[in-house]
Structures are given as structure tokens and as C-alpha cells.
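Single-structure report; data block below.
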Amino acid sequence: MRVRSAVVRVTAAVLAAGCLTACAEGAPAGPDRAAPAAADSATAGRTASSATGPGTSAARPRTSAASARTGQNDRSPAAGGHRCSPSVSIDRYSDALDKTTFQGTFVGNLSALTRDTDGSLAALSDRSVLIGLDGRSHRPVRATKIIDEKGAVLDAEGMAVEPGGRYLVSSETEPSVRRYDRSGALLGRLPLPKALQVEPAGRAQSNLTFEGLTLDSGGRTLTAAMEGQLTGDGKDSAGRPLLRFQTWQWQGSGSRPAPYRLSRQYAYPADAGLGVSEIAALPDGRLLVLERGFTAGVGNTVRLYLADPRRASDVSGVGGLPGGKAVRPARKRLLADLGACPSLGAPAHQPQTNPLLDNIEGMAITGRAPGGRLRVLLVSDDNESAKQITRLYSLTVRPGGR
């Protein structure tokens with residue numbers, strides 16, 4: 001979603017081309033810092049690279065003029081990084097992508113992030129651009145524009161990658177989920193329940209629809225998260241607004257335009273004042289859920305939850321939530337309020353309770369760490385605003401038992 005958050009600015013060390021790779025992988029780019037608040041800055045000149053052709057390019061980027069800043073931790077990830085909670089630590093952040101370009105494409109407005117099949121990361125701009133990032137350095141390596149059936153750009157907010165490499169992209173305008181090939185060519189559009197369409201066609205509120213999208217590790221179940229409530233839906237017994245998560249099941253050949261059928265829908269209890277900005281599927285059927293909100297004069301609130309929808313009721317036929325005592329929403333457990341993370345010396349250009357925070361919208365599980373922990377990468381959406389920033393956050397997350 002666009003224009004919804006105050007932004008933080010960050011300072012910390014960058015060693016020109018080498019720091020981003022080192023910081024991304026946990027190796028210090030220079031001498032270890034004695035305290036998280038310690039930070040240095042260095043500027044690296046950047047120039048926009050010229051495109052080599054339409055669609056996707058794999059050339060190495062040169063970026064536009066901006067300071068490359070990276071906050072790094074003074075402990076290795078094996079030592080747990082900087083504790084945000086018993087379940088989550090932050091290892092580092094990086095602002096090296098902020099206000100950069102790749103072959104004439106602005107690298108910002110990033111609303112989604114996921115692992116791609118070739119080992120890279122796929123990032124999604126809500127200005128209708130798929131941006132590939134190197135899996136280690138997080139530098140842009142390709143940019144592909146996508147359009148709808150009428151040739152118009154999308155308000156693209158969520159993304160998943162099929163095992164065969166095709167992209168699934170959600171737009172919060174209609175809402176919709178569309179399917180694209182590796183070149184960005186539109187293949188088809190998934191079916192959608194009428195109630196989830198924006199009013200007056202359905203009951204969804206404009207700009208509060210499909211914000212999160214994830215595909216399970218087997219590529220069989222696709223889940224889309226509504227950012228806000230449907231008109232007529234209420235709260236659970238704890239006073240939490242109930243949002244709807246819609247699923248689809250893969251069926252048939254990958255050559256079909258949209259080989260998915262509608263499946264179960266369940267309720268998710270969001271914290272009051274927050275919406276769901278992203279979800280990521282775990283192999284056992286649980287989800288990491290990122291909830292986010294913004295209060296003017298106060299700043300961002302960002303919380304990471306572990307949700308378990310496996311015993312949740314199918315509410316696709318329920319007209320108004322909560323739907324009675326027999327209806328079970330997904331259960332959730334707080335992993336961390338990211339406002340409790342060490343700031344790592346990050347300054348803010350607008351009020352923030354923790355200057356590390358920003359308008360975080362994308363989340364990807366990038367790997368595993370010892371002890372059942374997960375490597376998780378978050379990205380913020382700068383809305384192409386001078387007061388906001390494109391920031392990557394490297395976390396280590398311990399989701400806990402099954």
C-alpha cells in the first residue's frame with residue numbers, strides 16, 4: 001500500500017561494493033563494533049546504468065547518486081545477533097538500495113520479497129515492476145515491468161514464485177492475483193470470491209485488500225492475506241478485528257493460464273490498529289505474519305507473529321465474522337514487536353519510537369540457521385518519498401514447536 005508510513009534514516013558502515021555482500025551474509029565488513037549504537041558512514045557515487053534491452057536483464061547494476069549505508073551488528077548470527085525478543089534477533093540492516101536505480105528503473109516502492117527458484121531474491125515494486133536481487137549481495141540484477149490485461153500498471157503488493165519459476169502477483173486494486181512467466185508476460189488470472197472484491201462489487205474496502213501472498217514449499221497451496229476487514233465483519237472476543245485469508249489449491253498442468261481452484265478461507269485476528277502487510281509459509285503449514293501500522297507523530301508499529309491456520313474453520317460461507325462460537329479463527333503467537341529491537345544507531349527523519357523502524361511491507365524466508373532457526377529478510381517500502389527509505393533488515397527467527 002502506498003503513502004502510509006513515516007520513515008527512518010539510518011547510518012552505519014559501508015565499504016563501497018563489498019559491504020553489502022558481507023553484511024548480507026553475517027560477516028563483518030570491517031572491524032567489529034563495540035556497541036550497537038556505534039556507526040560510521042561513507043558515501044559511494046552511483047550512476048544509473050543504461051538498459052540493454054526490454055524486459056529482463058542480468059547485467060550488474062550501477063546505482064544512482066545516494067549514500068550507501070549499512071548498519072551491522074557486533075555479534076555473529078551464530079551468537080544470536082541483537083535480541084529483539086526470546087524468538088527474534090536482528091543481525092543487521094542495510095540502506096544500500098535506497099534511492100538507487102537499475103538500468104533506468106527506480107529501485108524502491110518495494111512491497112513484497114520472496115526467494116526465487118534460481119537462488120536470487122524476487123522483489124516487487126507496487127509501481128508494477130519485478131526486481132531481481134542477487135541472493136548474497138542483494139544488489140539488483142534484473143528489472144521486469146508487468147501489466148494487466150488492458151496494458152495498465154498494477155498496484156502490486158504481494159508475490160510468490162511457483163516451483164517452475166512463474167510469478168504470482170497480487171494487486172490490491174480489484175483485488176486480483178495474476179500469473180506471469182519469467183519474461184513478465186501475463187498468463188492468466190486466478191478466480192476470486194465475490195465478497196473479497198472491492199465495494200460495491202463486493203465487501204472489501206479500497207486499498208485494504210490483498211497485501212500479503214505466499215506459496216507453500218510444495219507449491220500446492222497459495223494464500224493471500226487481506227490487509228483490512230470486509231464491511232460487515234467484526235471482532236473476536238478479545239476485541240481484535242478479524243481479517244480474511246483466502247487460499248487456492250494447485251490443480252493440473254503448469255501450462256494452463258491459471259491452474260488454481262478456490263479453496264478454504266479462514267479468519268485471522270489482527271491487533272487493533274494494525275493491518276497485515278506480509279505473510280510467509282512455513283513447511284508445516286504455519287505462517288509468519290507481519291502486522292504493521294502507523295500513527296502520525298509517533299511512528300511505525302511492526303510486529304512479527306507466528307500463525308497456525310491448520311485447525312481454523314473455513315469461513316468462505318460465513319457472511320459476517322466472527323460467525324458464532326463454532327467458528328475457529330487461526331491462532332497466533334507474538335514472536336517479536338520490532339520496536340523492541342536495538343536501534344543499531346539508526347536515526348529517523350520523522351518521529352519514531354524506534355528509529356530503526358520504517359514502513360516494512362516485504363518478508364522472505366531466505367534460509368535456515370542452526371537450532372531450528374530461520375533466516376528472514378524484511379524490506380520497507382519508501383513510497384518514492386524523500387522522507388522514507390528502502391531498508392533491508394536481516395533477522396534470525398526461532399518459530400518454536402509445531
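How many residues does the range 367-393 contain that are of a type in the set (A, V, I, L, M), part of a loop (DSSP other than H, G, I, E, B) and touching a strand residue (DSSP E or B) at 6+ places or on another chain (Cβ under 9 Å)? Explain how you work it out, then say what you get.
In the first step, residues of the range 367-393 are kept if they are of a type in the set (A, V, I, L, M); the result is 369, 374, 376-379, 386, 389, 392.
From the residues that got through so far, the ones that are part of a loop (DSSP other than H, G, I, E, B) too are 386, 389.
Restricting the remaining residues to those that are touching a strand residue (DSSP E or B) at 6+ places or on another chain (Cβ under 9 Å) gives 389.
Going through the range 367-393 one residue at a time, the tally reaches 1.
Within the range 324-338, which residues are of a type in the set (D, E, K, R) and either open to solvent by less than 40 Å² (accessible area, probe 1.4 Å) or at pLDDT 95 or above (or both)? Please lay out each step first, then the result.
Within the range 324-338, the subset of a type in the set (D, E, K, R) is 325, 328, 331-333, 337.
Scanning the range 324-338 gives Arg328, Arg331, Lys332, Arg333, Asp337.
What single numbered condition from (1) more than 29 Å from Asp233 (Cβ to Cβ); (2) at pLDDT 95 or above; (3) assigned to a loop (DSSP other than H, G, I, E, B) fails to hold for Thr396?
(3)
Condition check ((1) open to solvent by less than 40 Å² (accessible area, probe 1.4 Å); (2) touching a Leu at 6+ places or on another chain (Cβ under 7 Å)) across all residues:
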| residue | (1), (2) |
| --- | --- |
| Pro322 | no, yes |
| Ala340 | no, no |
| Ala346 | yes, yes |
| Pro351 | no, no |
| Ile365 | no, yes |
| Arg368 | no, yes |
| Gly372 | no, no |
| Ser380 | yes, no |
| Tyr393 | yes, yes |
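Restricting attention to the range 270-329, which residues are assigned to a loop (DSSP other than H, G, I, E, B) and hydrophobic (A, V, I, L, M, F, W, C)? Before the answer, list the steps.
Applying the first criterion (assigned to a loop (DSSP other than H, G, I, E, B)) to the range 270-329 yields 270-274, 282-286, 296-298, 309-329.
Within the range 270-329, Ala270, Ala272, Leu274, Leu282, Ala296, Val298, Ala312, Val315, Val318, Leu321, Ala326, Val327 qualify.
Filter the range 70-92 down to residues that are buried (at least 24 other Cβ atoms within 10 Å of the Cβ) and not in a loop (DSSP other than H, G, I, E, B) and give me whichever is modelled with the lowest pLDDT.
Taking the candidates together, the pick is Gln72.
Quick check on this structure: which one of Glu384, Glu361 is of a type in the set (Asp, Glu), under 18 Å from the mean Cα position of the chain (by Cα) and surrounded by 18 or more Cβ atoms within 10 Å (Cβ to Cβ)?
Working: Glu384 fails: surrounded by 18 or more Cβ atoms within 10 Å (Cβ to Cβ).
Only one candidate passes the filter, namely Glu361.
So which residues in the range 286-306 are farther than 16 Å from Gly212 by Cα and open to solvent by 30 Å² or more (accessible area, probe 1.4 Å), if there are any at all?
Restricting attention to the range 286-306, the residues satisfying the condition of being farther than 16 Å from Gly212 by Cα are 294-301.
Residues satisfying the conditions are Phe294, Thr295, Ala296, Gly297, Val298, Thr301.
In the range 307-316, how many residues are open to solvent by 40 Å² or more (accessible area, probe 1.4 Å) and in contact with a Gly (Cβ under 7 Å, 6 or more places away or on another chain)? Don't jump to the end; show me each part of the working.
Step one: of the range 307-316, the residues open to solvent by 40 Å² or more (accessible area, probe 1.4 Å) are 310-311, 314, 316.
Then keep just the ones that are in contact with a Gly (Cβ under 7 Å, 6 or more places away or on another chain); that gives 310.
Matching residues across the range 307-316 total 1.
Among the residues of the range 178-202, how many are within 18 Å of Ile131 (Cα to Cα) and of a type in the set (A, V, I, L, M)? Steps first, answer last, please.
Initially, the range 178-202 is screened for residues within 18 Å of Ile131 (Cα to Cα), giving 178-186.
Now drop any that are not of a type in the set (A, V, I, L, M), which leaves 185-186.
Residues flagged as within 18 Å of Ile131 (Cα to Cα) and of a type in the set (A, V, I, L, M) within the range 178-202 amount to 2.
Report yes if Gly202 is touching a residue at least 40 places away in the same chain (Cβ under 8 Å) and either in a loop (DSSP other than H, G, I, E, B) or more than 25 Å from the chain's Cα centre (by Cα) (or both), otherwise no. Talk me through it step by step, then tell me what you get.
Values: touching a residue at least 40 places away in the same chain (Cβ under 8 Å): no; either in a loop (DSSP other than H, G, I, E, B) or more than 25 Å from the chain's Cα centre (by Cα) (or both): yes.
Criteria not met by Gly202.
The values are calculated or read from the model by the stated rules, or taken from the named source; none is laboratory data. In this text the structure is predicted, and so the values were computed from the model without any measurement. Note that we place each Cβ from the backbone using ideal geometry, even for glycine, and neighbour counts take in every protein chain shown. Heavy atoms of the whole protein, side chains included, go into the accessibility calculation; ligands, DNA and RNA do not. Shrake-Rupley method; radii C 1.70, N 1.55, O 1.52, S 1.80 Å.
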